[in-house]
Amino acid sequence: MSDSILNPNVTRRRFLQATGAAGALGAAGLGLDLGGGLSTLTKAHAQPAGAAGGETVITKSFCHQCPARCGIDVYTTNGRVHAIYGTLDNPLTQGKLCPKGHYGVYLLYDPDRFKSPMKRTNPKKGRDEDPKFVPISWDEALGIVAGRLNALREKNESHRFAIITGRGWGASDVGILGDFGKLYGTPNFNLGHSSICSDASETVKHIMDGHHAYSAYDYPNTNYLLVFGAGFLESFRPFTGNMVAWGQMRTKSPKTRVTVVDVHVNTTGTAADRLLLIKPGTDGALALAMGHVILTEGLWDRAFAGDFTDPALKFEAGKEIDPNTFNEKWVSGLAEWWNVVLKDCTPEWAEKITTIDAADIRTVAMDFGSTKPAVALFERGASAHTNGVYNGMAIHALNALTGNMFAKGGLRGYQMKTAWAKPDVKAEEFMDDYAKAPERKKPRLDGAKTEKWPLAKNMIQEIAINQLKGDPYKMDTILFYMTGPIFSAPDCKKWEEALRQVYVIDTSAYPGETSVFADLILPDHHYLERLQVADTYPFQGYPISMIRTPAVKPLYDTKVFGDTIIEIGKRIKGPTGEYYKRLGNTENLIRMLCKGFEEKPGDNGVKDFESFKAKGVWYRKPYAFLQKDGEFYEWDGKGYDKHLTPEEVKQKVMPTATGKFEVKVTELEHYAEYVAKRLGIAPERAPFPQWIEPRHPGGGDLHFVSPKLAGQAEGRSANLPHVSAIIQPTQGGKRNVFLEIHPETAKKRGIGDGDRVRIKNDVGQIEAIARHFNGIRPDTVALPMIHGHWAQGRWAKGRSPTASTNEVTANVSEPISGLAVFHSGKVFVEKI
Amino acid sequence: MFPISEPKHFAEIIPYLANLWREEGTMRFIGTVLNLGHGRSAAGLWWKLCLATGLASGGYALYMLVTLGHASFNTSSDGVNWGMPIATYVFFALTSSGLSMIASIPMVFGFEQFNPIAKRCIWLAIITLIAGFAVLALELGHPFRMLWAMPTGLQVRSPMFWMGVFYSIDLVLLLIKFYLLWQQDWDSPFSHFIGAASFVAVILASGMLGLVFGSVVMRPMWFGSFTSIYYMLTAALCGAAAIVVTTYMAYHFDRDRMPEPLRSMAGSHELPMVFATLIGIALVMILTRFWTGLWSNLDGFEGFHQLARDPLFHLEVWVGLALPFVMMISPSMQRREGAQLTAAFLVLAAMFYNRYEFIISGQFVPMFKGSWVNSLVPYTPSLTEWSLTVFGFSIALGLYALGEKLFHLSATPSGEPAVEQTAEAAA
Amino acid sequence: MAKWGMVIDLEKCTGCQACTIACGMENSRLPGEHWQDVIFFNEGQYPSVQMKWFPRPCQHCENPSCVAVCPVRATYKTEEGFVLVDWERCIGCKYCMIACPYGVRFYTEEKPSYGGPDVKQVFKSNDAHSWNPPWKMPDSREDWNHGVGVQPHDVVSKCTFCYHRVSKAPKGTADLDPGNPAQREFTPACVVTCSPGARFFGDLSNPRSRVSKLIADKEGVRLLDQLGNKPQVYYLTGSGGAVPSSHANVKA
Ligand SMILES: Nc1nc2c(c(=O)[nH]1)N[C@H]1C(S)=C(S)[C@@H](COP(=O)(O)OP(=O)(O)OC[C@H]3O[C@@H](n4cnc5c(=O)[nH]c(N)nc54)[C@H](O)[C@@H]3O)O[C@H]1N2
Ligand SMILES: Nc1nc2c(c(=O)[nH]1)N[C@H]1C(S)=C(S)[C@@H](COP(=O)(O)OP(=O)(O)OC[C@H]3O[C@@H](n4cnc5c(=O)[nH]c(N)nc54)[C@H](O)[C@@H]3O)O[C@H]1N2
Ligand code: SF4
Ligand code: SF4
Ligand code: SF4
Ligand code: SF4
Ligand code: SF4
Ligand SMILES: [Mo]
């Protein structure tokens, strides 16, 4: 029995091995004797991962299936990974996982994984062209890359090398690309996928409260949750954390009441107390009407937002107020906003736009305004539209009006930085003249931060078009990391043409559409084979960082992406090569970074690389700031006792131009011209949250949305039969994902339940199986982006839909954030 | 050709065959064995035909089972768990029971005029049961385990356990009974006792088979005492139909070749009347069950609505049962050979589909699958399942023909009827 | 002697199906062989449509019809309340599947319901096992007499209440709380991973156990109680409404 971790006698010891230190137990207050723990601790570490002898070893890592990065315990016996559970003392996970957290075992042993570096031998490229890959050694592979890169440098064309990234993790993978770009000399060192992800919400926070980031919400203490277009119980990050919080919110007293705004009945909307099924792209109007009601009903938070000079004064529908009669506190531009926009945004007005009853709008607004603390949040559903940022501004403003910004039980704040140390090898010192030369300053391939997309962080969806147009220039070599726009970007077929023209390097551990067009494969380790670090997805605001430690020796001849980049670096001529030789490898880098924990140990006792590996997580509670009754305080080690002056608030808490929450957005004042040009609104109105008619590209008579389902791991779970088999009903059915369509809508088109249908518009056409569902708006159809992969492995192919939903998604972007408008398209649906 | 002196005791069979083999040499021995029996007859053809189809279908089924295993069935945990092979087993088992019931008419209740079909009934009962068991064995995951697991388990609460027990007893008694008749022992007290015992056994066996379905309250289309009674009575019908068909078969579908008293019996109107009564009872039971099911909206009864939409079900009821019923009561038709044969054939076909439809429709509404199953579960038998059914039928028919060839199935207490001569003369 | 039972709070359950996936992983199940399934229903007309769901493990009935019908006693109930299948007795007659009102049993030899190649063929076993998944549970934990591990061919399998974990719990344990490191490893996988904490596992025979209290305080109900199987899995419906009684969303 000694080989079973279930043996009572060894279990506690296992647990100690698992969590690595008795400190945790102390912290957890379990009063287990430290002796027993510590004595076996050393043994635990002496033991290599996946040790033989039937002992079950638990190694620490973090999940790879979504951006939330939940901490995981990986169970390995006889070198076989057989289980993954949440890490108990990881605050983000609390021992729990969402369904996807367990996929690791299947992904690790996916029989279709790439087994070694490979190079293409078939010069012809195309969907149906077999690349005819032949295995090569890492040395040869890296040599090939370095050869191309050095050649480019010699031709003064290093900018023609780009790295396109997706789900980056942290300092030891995408984190090292900045220096690479600097040293090698390309502006395209990290063209991220955030503009096909959810940039709009970050942009909204950025321009209104000064944080280009996702927010941390204090769910366990909130009493009202208002969700606009976010799959709070299906996708919204951190999914596991949301669900843990859900359990708390729905059983505490008072029970947190929840209203969800969506376009179809999903688990989130069902579990909520109220579901409002809104016309796609109109959330802004709804939020504005709610703001209108909150002001006219006098429900705004006076301590935070400010108040009339004369208590007799009030906001009355349609009537302007005299700005001088209103003293603004932390919300800048409120009076103007009311006068320019909000005064006319009555529920009756919104009903016409959103199709939601004015009465319901009023009720929800009153509930939200009169319940404290409360949270209003939104994600892609509300923002992946041509008017997405303005919709988001209207929603986010609700948190300010009701004084829930930085408040207990409200929008708690933004992610604090982890106490990483600076690596003691400095890239600056290794830049040669070529790298320093002014002509290195070139526009990015994707056009982000250029006059085309001045405010966008990334514009991955522009890359294919730009490449085809040769604007700003044609690329020579593109390396892909954790992203496959050829499947997941709008109008994805364009990428097939574009990738014919360049030398493509894919670092994926798996076959995929990208690799069909790849010239070179530099396969990554599977995440359970890696050493890698990351900072948490915003959770409670206080800093959390995790580490992946290998649970098993790599099954195949692969290399972790960070080391691949470093190895390429070593082969670049000149000081760049020197720099990377000094840097050594990612483990070395991580060890340097962890030095920062020495003076700032984690609450769980993590103080160096070793203890970090043992516990898997470093964190330091609490969040630094708190807003209470309109005053801001800073944590001084004992409590939120340090009162902050407006100057300090501007520096530390709300770094906007005004140092306040801006409903008159300074940033948009600067860009009023641009906004006017792109969105056709008068420049003087540009700074205010307001209603703008969405554009619905594609042509067609039905709105087309592709919601994420709880079982979907972005584009990465299609080859797992265990996953296809659980995809939730209404949209999933063991083998396929269905097109949700309202029975009436279907009957009008002669489409029966389960019939094959063609979904088409001027972008393209795909086929799918229709599923009659009363819970979707009759003017809308929904199809998740799970299946439709044509090159991801033996189980991914042959499922319905026949191709990526993005073959019918127009490449149109929200002009301010640059977010592709995935939920805004229109299509025709016809029976085949 | 080699003069065959037919063995009179089991003991004689071995030396007899050995002797035959010595005389004939291996090849011709096999040939002769395949041709065993009293000269040429229709049975000979049947026997060879069935041997061929049996080998083909059985071979295919075995091949699929060895390579793919039971994954070659279209049954599934989320849908129909018990498919066509089970239906086939039930059809044969109940037909067998029906035949022993018919046999009991002369042997237990002493209606002498039925004597001429008794021996044939018993032989048929034996082989249909064997056919049923064969199909069941190929359907089960681990048939041989049953041999030790049933007795050691003794799960007395399981209807299937009792079904097993009584059908085994039934088989043993049938064999004994057949041996006795073979030995021309019709009237000894022992023979009477065996007859009675086997009658009881067969009633219980068919009843237990009914209970297997009738006991599962979670399958409302099956639940209730109705099922057992229904199985017993319809068993008798199948038995009757089977014996009519096979008796005619034995005489080249020509009543004039039948010896007395068989001929007069077949020509009489009692037999058709008995037959009609049994059909009538079956019709009433099927229809009452059907409309009760249609009427009630108990969750799980949706299968009845599905049946209402199923053309085969209507063929079964109207063409397979109602029509023969009319034929058998109409004075003008009931005595006609053709009518009797058609009726019997139709009834057998109908009852086969009845077993199938009863078992499948009872599973149309799966247990708690919610929207995983967006309507009633679909089921069509796979080729393997079909081949098992064909296999079952070729076993039954083949062995029947063999019986015809080897034993005097029309034997009566009065000794051998001059049937062979008639046949010879005719040939 | 403990009498293990589970309580599932439908007011907390988010329908995420992590329990289904965790169960499949912990117990080396085939794809689609959902010992723990989450059953969805929807009814009503737009825009007032309701979607219902509830997680459905084996109910480990006090009065298990599966045990009653098993002709060879391959399915049996232990003193501690586990209803288990002995894979070395099972003859694969599927009668228990017919007789389980909750549809929680699975036959090994079936066409892949998940589409694509049969994983049993891809991860072929060269011994008595029906397949050989690389991620299968440690051999030392496999226990065919209790239906634990990768099963042999042609038998029926079902949720074991994580017998291989729970049966190792110290005697007298009232509740298995996955938040307690000392109990975590004995707690059923589905309970361990359930994020909102909708699942509870403990000793029903102990009136002081959390599960007993929850059932009492929150009016725990049992599925299809009229059938008399007396499940040892209780549902707390709270404002989540009744447990759906329909077998399937059949439009007959
Ligand atoms: N229609 C529609 N389109 C969408 C969405 C939608 O909801 N609907 N969602 C959008 C959103 S939010 C996002 S974030 C994007 C996501 O889309 P992408 O950014 O394309 O990310 P994925 O498709 O998840 O995976 C991309 C690639 O990562 C590779 N990969 C998998 N594992 C590894 C690994 O271990 N190492 C390396 N180096 N590579 C690996 C896979 O082969 C895959 O090709 O899709 C967007 N597109
Ligand atoms: N399970 C799972 N979780 C994930 C991911 C995953 O792939 N799977 N991916 C992660 C990533 S990369 C991201 S970016 C996040 C995205 O997280 P979300 O933004 O929550 O994901 P989406 O599904 O794109 O959008 C959420 C909801 O918006 C609804 N919706 C569509 N149009 C509208 C509209 O006009 N108005 C309103 N009110 N609602 C609308 C959709 O029906 C959907 O239910 O999820 C993350 N978490
Ligand atoms: S929420 Fe994201 S990170 Fe956490 S377990 Fe689920 S998929 Fe993994
Ligand atoms: S894991 Fe928990 S919340 Fe998710 S479906 Fe299962 S029981 Fe419900
Ligand atoms: S739920 Fe079904 S399988 Fe489980 S004990 Fe009850 S009857 Fe048996
Ligand atoms: S399938 Fe196995 S467990 Fe089920 S009843 Fe038959 S023998 Fe018993
Ligand atoms: S108790 Fe164990 S076996 Fe049963 S459903 Fe939960 S995880 Fe699966
Ligand atoms: Mo994303």
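The values are calculated or read from the model by the stated rules, or taken from the named source; none is laboratory data. All values derive from a computational prediction rather than experimental measurement. No Cβ is skipped: glycine too gets one built from the backbone with ideal geometry, and neighbour counts run over all protein chains shown. In case anyone asks, the SASA skips ligands and DNA or RNA and just uses the protein heavy atoms, side chains included. Shrake-Rupley method; radii C 1.70, N 1.55, O 1.52, S 1.80 Å.
Checking the table A:Lys124/C:Lys124; A:Lys96/C:Lys52; A:Lys119/A:Lys595; A:Lys452/A:Lys573; A:Lys457/A:Lys493; C:Lys12/C:Lys94 against a 29 Å threshold on Cα-Cα, which pairs fail?
A:Lys124/C:Lys124; A:Lys119/A:Lys595; A:Lys452/A:Lys573; C:Lys12/C:Lys94
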Determine which lysines satisfy two conditions relative to A:Lys352: a Cα distance under 23 Å, and not lying fewer than 8 residues away in the same chain.
A:Lys279, A:Lys319, A:Lys343, A:Lys826
Karplus ³J(HN,Hα) for region A:464-475 (6.51 cos²θ - 1.76 cosθ + 1.60, θ = phi - 60°; Hz, whole; x = Gly/Pro) runs 4, 4, 4, 4, 5, 7, x, 10, x, 6, 8, 8
Computed on protein heavy atoms with a 1.4 Å probe, what is the summed buried accessible area for the chain pair B and C, in Å² to the nearest 100?
4500 Å²
Anchor B:Lys48: lysines whose Cα lies under 30 Å away (excluding residues fewer than 8 positions away in-chain)
B:Lys8, B:Lys119, B:Lys177, B:Lys405
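Taking all protein chains in place and a 1.4 Å probe, what share, in percent, of the accessible surface of chain B do carbon and sulfur account for? Don't skip to the end; give the middle numbers.
On the way: 12620 of 17020 Å².
That share works out to 74 percent.
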Quick shape check on region C:1-61: root eigenvalues a ≥ b ≥ c of the Cα gyration tensor, a/c under 1.5 is rounded, otherwise prolate if a/b tops b/c, else oblate, and it reads oblate
Check A:Phe228: other-chain or 5+ apart residues with amide H under 5 Å from its amide H, H built from backbone geometry?
A:Val261, A:Leu377, A:Phe378, A:Glu379
Solvent-accessible area of A:Thr586, probe 1.4 Å, all protein chains present, reported in Å² to the nearest ten, please.
10 Å²
5 angstrom amide H check on A:Leu275, placed H, neighbours 5+ away:
A:Val260
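Using a ≥ b ≥ c from the Cα gyration tensor of chain A (square roots of the eigenvalues), is it rounded, prolate or oblate, where a/c under 1.5 gives rounded and otherwise the larger of a/b and b/c decides, a/b for prolate? Before the final figure, lay out the partial values.
Values: a/c = 1.41, a/b = 1.22, b/c = 1.16.
The shape class here is rounded.
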Mean separation of Cα contacts under 8 Å (at least 6 apart) over the residue count of region A:98-207, i.e. the relative contact order in percent, is 17 percent
Listed by chain and number, the lysines with an alpha carbon less than 20 angstrom from that of A:Lys372, same-chain partners under 8 positions apart left out, are A:Lys252, A:Lys255, A:Lys329, A:Lys408, A:Lys628
Candidate residues A:Arg685, A:Arg548, C:Arg141: accessible-area rank, largest first, probe 1.4 Å:
A:Arg685, C:Arg141, A:Arg548
Loop-only check: which trypsin sites (Lys or Arg not before Pro) in region A:268-320 are DSSP coil with at most 14 other Cβ within 10 angstrom?
A:Lys314, A:Lys319
Relative contact order of chain C, defined on C-alpha pairs under 8 angstrom at six or more residues apart (%)
29 percent
How about region C:1-108: which GluC sites (Glu not before Pro) there lie in a loop by DSSP and see at most 11 other Cβ atoms within 10 Å?
C:Glu79
With a bin width of 10 angstrom, please list the P(r) values of chain C as percents of all Cα-Cα pairs, from the 0 bin to the one holding the largest distance.
7, 31, 37, 20, 5, 0
Nearest 10, in degrees from 0 to 90: the angle of helix B:270-295 to the longest Cα principal axis of chain B is 10 degrees
The pairs in A:Lys60/C:Lys158; A:Lys422/A:Lys600; A:Lys100/A:Lys760; A:Lys570/A:Lys615; A:Lys417/A:Lys652 lying past 23 Å Cα-Cα in this model are A:Lys60/C:Lys158; A:Lys100/A:Lys760; A:Lys570/A:Lys615
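Please identify every one of the trypsin sites (Lys or Arg not before Pro) in region A:129-186 that sits in a loop by DSSP and has no more than 10 other beta carbons within 10 Å of its own beta carbon. Please report the intermediate quantities before stating the final value.
Details: sites: A:Lys132, A:Arg148, A:Arg153, A:Lys155, A:Arg160, A:Arg167, A:Lys182; in loops: A:Lys132, A:Lys155, A:Arg167.
Here the trypsin sites (Lys or Arg not before Pro) that fit, given the DSSP loop and packing criteria, are A:Lys155.
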Within the protein assembly as shown, the percent of DSSP beta bridges that are antiparallel, given to the nearest 5, stands at 65 percent
Is the shape of region B:160-293 best called rounded, prolate or oblate, per the rule: a/c under 1.5 gives rounded, else a/b larger than b/c gives prolate, else oblate, with a ≥ b ≥ c the square roots of the Cα gyration tensor eigenvalues?
oblate
Between region A:608-645 and region C:129-161, how far is it from one alpha carbon centroid to the other, in angstrom?
48 Å
For region A:610-732, taking Cα atoms only, what is the radius of gyration to one decimal and the Dmax to the nearest whole Å?
23.7, 60
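Using Cα-Cα distances under 8 Å and only pairs 6 or more residues apart, what relative contact order does region A:208-324 have, in percent? Kindly include the intermediate steps, with their values, before the conclusion.
Details: 102 pairs, mean separation 21.1, N = 117.
So the answer I get is 18 percent.
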